[in-house]
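Student: This is the structure, below, for whatever I ask next.
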Amino acid sequence: MSKNNVLKIAGIISSVILIAAAGYGAYLWFFCRVYVPAGMMAVVTAKTGRQPAPGTILVNEGEKGIRKEVLSEGRYFFDPVLYDIKLCPNIEIPLGKVGIVTSKVGKELPPGEIIAADDMGKGVRKEVLGPGVYRLNPEGYQIEIMDAINIPPGYVGIVTGQTGKAPLPGKFAAPGEKGVMQDILQPGLYYINPYAFQINVIEIGMNQVTMSGNAKGASVVSGRSQLAAANSTLQSMASNTLKFQTELRRQTVRPRPVAKKRFMSVQRNKASAVRYSEDAAVPAAAKDYAVPSQIFGLSRAVEFPSRDGFKVLLDMTVEFELLPEKISLLYMLYGDLPQVVEKILLPQVLSVSRLKGSSYRAQDFIMGDGREKFQLDLRNELVKTLESKNIVVHNAIIRNVEIPRDILVPIQAVSLAQEQNLTNVAMQNTAKKLAELNTETELIEQRRQEVRQETEKLVAAINAERKREVAAINASTQLKVAEIQLKKSEIIAKTNQLRGETETKAKFLVENEKARGEIMKAKAVGSGSLLSEIMLVNALNPKVKTNIIHAGPGTLWTDLKGAALSVPAK
């Protein structure tokens, strides 16, 4: 084969390879390209590969079936002949929600178990998914989104394990056991699996149990006012938590038939009354983030015989408190707040009321002193009795006492007469006090006049004394001024005298010195005429020029004519 033929064959092969590569690239791009957009995931199903074990739902890579791992956002290439791709939205758990994961794959759970201890078991997982985005294969995992537990202020949460072995009787459940746990949940947000733990929300603080005769066949609910949450989501979650607890109470303690004259209610202090019937699904207060406490009727009233054999009926309100550190024990022993009231509080209230009330006469419940003493004895006994039950009683108030009319009318008549007598005595005392008041008023007015006169007298005396002191001060001042003027005049006179004497002495000294000077000059010159000529010369104008001419012997005056001096003009 020639070289040219070899080159031609090589060129053909290269072209074929390039065309095949381009065709394969186009096939991958246009037929095998898979794009997973944001917020989505892709489930891959392999059509070929090793056969998995029988009953396997999700397979690993290299096996035939639905792969366990899903594809996140991005671009992938899968041959549609070998793989099937299914897009699904990501699992998004919003704020305030939890995701309950039910695994369809994994090890079978032991008989009777419904919660998987770890991620390897099949069934409901104990751990929950908090707020966020997750990618779990929907073919192998089922996600149920539920509300988180938000315990509002004023409540605590009692945790009850739903699975595990039961603890010893009367003991709290340990982690992993089924039963009431000792630790309570304080107000806040909790992401808890409701299939693994049941949370019962119970009020803490002041509660009231009221037995009254004012009902008309309907239960009265005292709705607990709640402060609005800063976040609407948290507010909704708290409302859902309280509505769930209310429904649990309604299912646990169904309202009983209410007596025509008496009923009992569990109330919250400082709460507004809300009414609802037994058939109502959710109280109206729930939508306002204020779910009322469970109410149930009571067909028996606080009734007992008095010491003198009369039947006494009365309304009573007991204020009590469940302490947070003891509330889990109360819940374990007796149940929710309505059960605590029904099983512990009410029997003790009725028993103590009968025990204490039977030692009082019927008329003691009409008189204020007797009722007050009975109320104090009742409260003290309830405090002592219920303290051992971990219930703190703050007060027991009685009102609207009813006794038979046969004894009530005479007692009222006697009481009315006594009160009328007391009123008359009080009126007499008032009249006496009024007379004393008038007398005291007159004495006060008299004393006021005396005080006014004394005041005016004191004011006049003070003014006169003030004027006298002012006049004395003026006279003293003028005297001082005169003395100062006199001293001033004496000083001026003495000053003038000294000035005159000084001037005279000075003038005398000057003239004397001048005279002595002249004498000394005369003595120095030696002649009085020469001294006179010198004085004359000194007295002349300094501008006058003096020439002395020596004319020789003879008389100076005879030559003055020829020796006249020429005086230049100015």
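Student: Return the only residue of ALA148, ALA117, ALA196 being free of Cβ contacts under 8 Å to residues at least 12 places away in the same chain and either of a type outside the set (Asp, Glu) or more than 25 Å from LYS68 (Cα to Cα) (or both). Step through it out loud before you land on a result.
Tutor: Working: ALA148 fails: free of Cβ contacts under 8 Å to residues at least 12 places away in the same chain; ALA196 fails: free of Cβ contacts under 8 Å to residues at least 12 places away in the same chain.
Criteria check complete, one pass: ALA117.
Student: In the range 14-52, how many are open to solvent by 60 Å² or more (accessible area, probe 1.4 Å), over 18 Å from ASP79 (Cβ atoms) and touching an Asp or Glu at 6+ places or on another chain (Cβ under 9 Å)?
Tutor: Within the range 14-52, residues that are open to solvent by 60 Å² or more (accessible area, probe 1.4 Å), over 18 Å from ASP79 (Cβ atoms) and touching an Asp or Glu at 6+ places or on another chain (Cβ under 9 Å) number 2.
Student: Kindly check whether there is at least one residue in the range 196-206 that is assigned to a loop (DSSP other than H, G, I, E, B), in contact with a strand residue (DSSP E or B) (Cβ under 7 Å, 6 or more places away or on another chain) and either modelled with pLDDT of 85 or more or not aliphatic (A, V, I, L, M) (or both). Before you say what the answer is, go through the steps one by one.
Tutor: The first filter runs over the range 196-206 and keeps only residues assigned to a loop (DSSP other than H, G, I, E, B), leaving 196, 204.
Pick out the ones that are also in contact with a strand residue (DSSP E or B) (Cβ under 7 Å, 6 or more places away or on another chain) and you get 196, 204.
Filter once more, so that each one left must be either modelled with pLDDT of 85 or more or not aliphatic (A, V, I, L, M) (or both): 196.
Yes, some residue in the range 196-206 is assigned to a loop (DSSP other than H, G, I, E, B), in contact with a strand residue (DSSP E or B) (Cβ under 7 Å, 6 or more places away or on another chain) and either modelled with pLDDT of 85 or more or not aliphatic (A, V, I, L, M) (or both).
Student: Give the residues of the range 76-101 that are of a type outside the set (A, V, I, L, M, F, W, C), open to solvent by 40 Å² or more (accessible area, probe 1.4 Å) and within 53 Å of the chain's Cα centre (by Cα), sorted by residue number. Let's see the steps before the verdict.
Tutor: Residues of the range 76-101 of a type outside the set (A, V, I, L, M, F, W, C): 76, 79-80, 83-84, 86, 89-90, 92, 94, 96-97, 99.
Filter again for open to solvent by 40 Å² or more (accessible area, probe 1.4 Å), leaving 76, 79-80, 83-84, 86, 89, 92, 94, 97.
If the condition is that a residue be of a type outside the set (A, V, I, L, M, F, W, C), open to solvent by 40 Å² or more (accessible area, probe 1.4 Å) and within 53 Å of the chain's Cα centre (by Cα), then PRO89, GLU92, PRO94, LYS97 are the ones that fit.
Student: When the range 410-443 is examined, which residues are found to be more than 56 Å from the chain's Cα centre (by Cα) and modelled with pLDDT under 75?
Tutor: Result: PRO410, ALA413, VAL414.
Student: Report the residue count in the range 171-185 for those that are out of contact with any strand residue (DSSP E or B) (no Cβ under 7 Å at 6 or more places or on another chain), open to solvent by 100 Å² or more (accessible area, probe 1.4 Å) and in a loop (DSSP other than H, G, I, E, B).
Tutor: Going through the range 171-185 one residue at a time, the tally reaches 2.
Student: Looking at SER353, is it touching a residue at least 24 places away in the same chain (Cβ under 8 Å), small (Gly, Ala, Ser), closer than 17 Å to ILE158 by Cα and not in a strand (DSSP E or B)? Outline the logic, then answer.
Tutor: Working: touching a residue at least 24 places away in the same chain (Cβ under 8 Å): yes; small (Gly, Ala, Ser): yes; closer than 17 Å to ILE158 by Cα: no; not in a strand (DSSP E or B): yes.
Considered against the rule, which asks whether it is touching a residue at least 24 places away in the same chain (Cβ under 8 Å), small (Gly, Ala, Ser), closer than 17 Å to ILE158 by Cα and not in a strand (DSSP E or B), SER353 comes out as no.
Student: Considering the range 483-497 alone, what residues qualify as being open to solvent by 90 Å² or more (accessible area, probe 1.4 Å) and aliphatic (A, V, I, L, M)?
Tutor: So in the range 483-497, the residues open to solvent by 90 Å² or more (accessible area, probe 1.4 Å) come out as 484-488, 490-491, 494, 497.
Once the filter is applied, which keeps residues that are open to solvent by 90 Å² or more (accessible area, probe 1.4 Å) and aliphatic (A, V, I, L, M), the range 483-497 yields ILE484, LEU486, ILE491.
Student: Something else about it: Quick check: is even one residue across the range 339-358 within 30 Å of GLU247 (Cα to Cα) and either surrounded by fewer than 16 Cβ atoms within 10 Å (Cβ to Cβ) or of a type in the set (Phe, Trp, Tyr) (or both)? Step through it out loud before you land on a result.
Tutor: Step one: list which residues in the range 339-358 are within 30 Å of GLU247 (Cα to Cα), which gives 339-350.
Pick out the ones that are also either surrounded by fewer than 16 Cβ atoms within 10 Å (Cβ to Cβ) or of a type in the set (Phe, Trp, Tyr) (or both) and you get 343, 347.
Yes, the conditions are met somewhere in the range 339-358.
Student: Do the conditions hold for SER328, that is, is it over 26 Å from LEU416 (Cβ atoms), open to solvent by less than 20 Å² (accessible area, probe 1.4 Å) and either part of a loop (DSSP other than H, G, I, E, B) or polar (S, T, N, Q) (or both)? Let's see the steps before the verdict.
Tutor: Details: over 26 Å from LEU416 (Cβ atoms): yes; open to solvent by less than 20 Å² (accessible area, probe 1.4 Å): yes; either part of a loop (DSSP other than H, G, I, E, B) or polar (S, T, N, Q) (or both): yes.
So SER328 fits the description; yes.
Student: For residues that are modelled with pLDDT of 90 or more and of a type outside the set (A, V, I, L, M, F, W, C), tally how many sit in the range 114-136.
Tutor: Within the range 114-136, residues that are modelled with pLDDT of 90 or more and of a type outside the set (A, V, I, L, M, F, W, C) number 5.
Student: Is it fair to say LEU136 is more than 30 Å from LEU337 (Cα to Cα), in contact (Cβ under 8 Å) with a residue 12 or more places away in the chain and out of contact with any helix residue (DSSP H, G or I) (no Cβ under 7 Å at 6 or more places or on another chain)?
Tutor: Values: more than 30 Å from LEU337 (Cα to Cα): yes; in contact (Cβ under 8 Å) with a residue 12 or more places away in the chain: yes; out of contact with any helix residue (DSSP H, G or I) (no Cβ under 7 Å at 6 or more places or on another chain): yes.
Answer is yes for this residue.
Student: Find the residue count for the range 505-528, including only residues that are open to solvent by 80 Å² or more (accessible area, probe 1.4 Å) and either at pLDDT below 70 or outside any helix (DSSP H, G or I) (or both).
Tutor: 0
Student: What pairs come out if I take residues in the range 23-40 that are aromatic (Phe, Trp, Tyr) and pair them with residues that are exposed (fewer than 10 other Cβ atoms within 10 Å of the Cβ) whose C-beta lies under 8 Å away, six or more apart or interchain?
Tutor: Pairs that qualify, where the first residue is aromatic (Phe, Trp, Tyr) and the partner is exposed (fewer than 10 other Cβ atoms within 10 Å of the Cβ), are TYR35/ARG75.
Student: For the range 211-218, does any single residue satisfy the condition of being surrounded by fewer than 19 Cβ atoms within 10 Å (Cβ to Cβ) and either touching a helix residue (DSSP H, G or I) at 6+ places or on another chain (Cβ under 8 Å) or assigned to a strand (DSSP E or B) (or both)?
Tutor: Within the range 211-218, none of the residues are surrounded by fewer than 19 Cβ atoms within 10 Å (Cβ to Cβ) and either touching a helix residue (DSSP H, G or I) at 6+ places or on another chain (Cβ under 8 Å) or assigned to a strand (DSSP E or B) (or both).
Student: Would you say GLY96 is at positive phi and in contact (Cβ under 8 Å) with a residue 60 or more places away in the chain?
Tutor: yes
Student: Could I ask something else about it? How many of the residues making up the range 371-409 are open to solvent by less than 50 Å² (accessible area, probe 1.4 Å) and modelled with pLDDT under 80?
Tutor: So the count comes out to 5.
Student: Among the numbered conditions (1) within 28 Å of THR163 (Cβ to Cβ); (2) open to solvent by 40 Å² or more (accessible area, probe 1.4 Å); (3) in contact (Cβ under 8 Å) with a residue 60 or more places away in the chain, tell me where GLY112 comes up short.
Tutor: (3)
The values are calculated or read from the model by the stated rules, or taken from the named source; none is laboratory data. Bear in mind the structure is a predicted one, so any value in this text is a computation, not a measurement. Neighbour counts are summed over all protein chains in view; Cβ atoms, including those assigned to glycine, are modelled from backbone coordinates with ideal geometry. SASA here: full protein model, heavy atoms, side chains in, ligands and nucleic acids out. Shrake-Rupley method; radii C 1.70, N 1.55, O 1.52, S 1.80 Å.
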